[in-house]
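The values are calculated or read from the model by the stated rules, or taken from the named source; none is laboratory data. Only a predicted model underlies this, so the values are computations on that prediction, with no experimental measurement involved. No Cβ is skipped: glycine too gets one built from the backbone with ideal geometry, and neighbour counts run over all protein chains shown. Accessible surface areas use protein heavy atoms only, side chains included; no ligands, DNA or RNA. Shrake-Rupley method; radii C 1.70, N 1.55, O 1.52, S 1.80 Å.
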Amino acid sequence: MLVLGFYSFTNNVDPIKYKCMVQMTNYTGEGAYIVISLINPKGDYEETLYVQGDDSEWYNTLESWWKFYGKKRNNIDAITGATISGGERTISVISIDDSKINAGYKIRFETAVEDQEYYQTDVEFPLTTESIKGKHEGTGFIRYVRMMPN
């Protein structure tokens, strides 16, 4: 009896899951909408990793991301959570394909609060093995972001 086996030589690597903690500044007002995006080496949006804020009526206040997402309207229900208010912190889990690390990609945290400012790059850092373990200070509503492998 002859048995033939078929093998795939493609590299099917599962994305790596990271815990992502966002600590907000002590601002007053409504909860912040936050989008975590993967930015490719050309500086363009490639993927939405997570959205804090589940009311799609307000997504257009995240102006740069909306130009990317609004055209495609991908289903993002599985990667959304409630808004987060001043002084609060949240921990979410995001998935990043291992091939994007140390390959010129960045992670961007974009924030907007109703009747207040919008920050296109509240936090942004290169996606490297070193930077992904660090603490990254915000420039707007985010005090800092920390990430760690899950």
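So is Ser37 modelled with pLDDT of 95 or more and in a helix (DSSP H, G or I) or not?
In short, no.
Among Ile101, Ile91, Ile34, which is more than 16 Å from Arg146 (Cα to Cα) and not hydroxyl-bearing (Ser, Thr, Tyr)?
Only one candidate qualifies: Ile101.
Here's the yes/no breakdown for (1) of a type outside the set (Asp, Glu); (2) free of Cβ contacts under 8 Å to residues at least 24 places away in the same chain; (3) within 29 Å of Glu130 (Cα to Cα):
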{"position": "Asp14", "(1), (2), (3)": "no, yes, yes"}
{"position": "Asn26", "(1), (2), (3)": "yes, no, yes"}
{"position": "Ala32", "(1), (2), (3)": "yes, no, yes"}
{"position": "Asn60", "(1), (2), (3)": "yes, yes, no"}
{"position": "Ile84", "(1), (2), (3)": "yes, no, yes"}
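Identify, by number, the condition in (1) open to solvent by 40 Å² or more (accessible area, probe 1.4 Å); (2) farther than 20 Å from Tyr144 by Cα; (3) without any contact (Cβ under 8 Å) to a residue 60 or more places away in the chain that Ile76 doesn't meet.
The one condition Ile76 does not meet is (1).
Can you find, within region 40-67, the residue that is modelled with the lowest pLDDT among those that are in contact with a strand residue (DSSP E or B) (Cβ under 7 Å, 6 or more places away or on another chain) and of a type in the set (Gly, Ala, Ser)?
Only one residue tops the list, namely Gly53.
Going through region 118-131 one residue at a time, which ones are touching a residue at least 24 places away in the same chain (Cβ under 8 Å) and open to solvent by 10 Å² or more (accessible area, probe 1.4 Å)?
Once the filter is applied, which keeps residues that are touching a residue at least 24 places away in the same chain (Cβ under 8 Å) and open to solvent by 10 Å² or more (accessible area, probe 1.4 Å), region 118-131 yields Tyr118, Gln120, Glu124, Thr128, Thr129.
Looking at region 132-143, which of its residues are open to solvent by 80 Å² or more (accessible area, probe 1.4 Å) and without any contact (Cβ under 8 Å) to a residue 24 or more places away in the chain?
Lys133, Lys135, Glu137, Thr139, listed by residue number.
Scan region 94-111 and give yes if some residue there is crowded, with 19+ Cβ neighbours inside 10 Å, assigned to a loop (DSSP other than H, G, I, E, B), at pLDDT 95 or above and not aliphatic (A, V, I, L, M), otherwise no.
So far as region 94-111 goes, yes, one or more of its residues are crowded, with 19+ Cβ neighbours inside 10 Å, assigned to a loop (DSSP other than H, G, I, E, B), at pLDDT 95 or above and not aliphatic (A, V, I, L, M).
For region 32-57, enumerate the residues that are surrounded by fewer than 19 Cβ atoms within 10 Å (Cβ to Cβ) and either among the aromatic types (Phe, Trp, Tyr) or within 19 Å of Thr139 (Cβ to Cβ) (or both).
Selection gives Gly43, Tyr45.
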